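Here's the structure we're looking at; comments come further down.
The values are calculated or read from the model by the stated rules, or taken from the named source; none is laboratory data. Being a predicted model, the structure only gives us computed values, none of them experimental. For neighbour counting, all protein chains shown are included, and Cβ atoms are generated from backbone atoms with ideal geometry for every residue, glycine included. The area values use the complete protein model at the heavy-atom level, side chains included, leaving out ligands, DNA and RNA. Shrake-Rupley method; radii C 1.70, N 1.55, O 1.52, S 1.80 Å.
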Amino acid sequence: MKRITVLLAEDHEIVREGFRKLLEAEDDIEVIGEAQNGRLAVEMTRKLRPAVVVMDIAMPLLNGLEAARQIRKALPATKVVILSAHSDDAYVDQAVAIGAVGFLLKQTSSHDLSRAIREVQKGNTFFGASVSKRLHAQKTPAGGGALRKKVARLSSRELEVLQLIAEGKANKETAAELGISIKTVEKHRQNLMAKLNIHEISGLTRYAIGAGIIESSVQLTIR
């Protein structure tokens, strides 16, 4: 029997270990890699080419949604199942928009996670009960449409810079992380402020949280 290969992307080691143990108990599922941040998840997916990536949203350096978007672009055959502590509209809508075929809450049962992996491998979608209700209702919160349009206008690099800004990284740290010059980081920051009509770092941070780029539970240092 051919096993379904899975990459686990979760920044909390104890949570990641728990998911791995649950999946390793399944005869038809094999965990072939683990990543503790979004950037590493993209790199490992390119290298290992798993059938399914189980991706947390609140990932450092590169959030799970942008990491999933990059994975889907590079490896369309790889299925992405999103995990989150919250089922906020912004997260669910963006997950669907970038091509994720599953969305589960972290408190989901092990049975649901393994079932989701099997279903998406077959070419189906799998969304947790509360997420399915939200999708079927097709309700959009006030201002949500405009928010998603603004997110869509941002380039992949701008989204990466925005996340690092929201995580409290200085220009020098952001430049080092992305392998670009400080001057280029400053240019991206100017473009972000112009596109979003936001002119304070604290405003960019609030926007990143509201747009689902980072979760509000992430510890932030505003500079």
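Net charge within 11 Å of ARG39 by Cβ-Cβ distance, Lys/Arg positive one each and Asp/Glu negative one each, not counting ARG39 itself?
Spelling it out: positives minus negatives among the neighbours equals -4.
Leaving out ligands, DNA and RNA, and with a 1.4 Å probe, what % of the accessible surface on the stretch 8-109 is carbon or sulfur?
Here it works out to 50 percent.
Pairs LYS21/LYS79; LYS79/LYS106; LYS2/LYS47; LYS47/LYS172; LYS79/LYS187: which exceed 26 Å Cα-Cα?
Going by Cα-Cα distance, LYS47/LYS172; LYS79/LYS187 fall outside the 26 Å limit.
Grab the other residues whose beta carbon is less than 13 angstrom from that of LEU8, score K and R as +1, D and E as -1, and report the net.
-4
List every residue whose amide H lies under 5 Å from the amide H of PHE103, counting only residues 5 or more places away in sequence or on a different chain, with H placed 1.01 Å from N in the peptide plane.
Here ILE82, PHE126, PHE127, GLY128 satisfy the definition.
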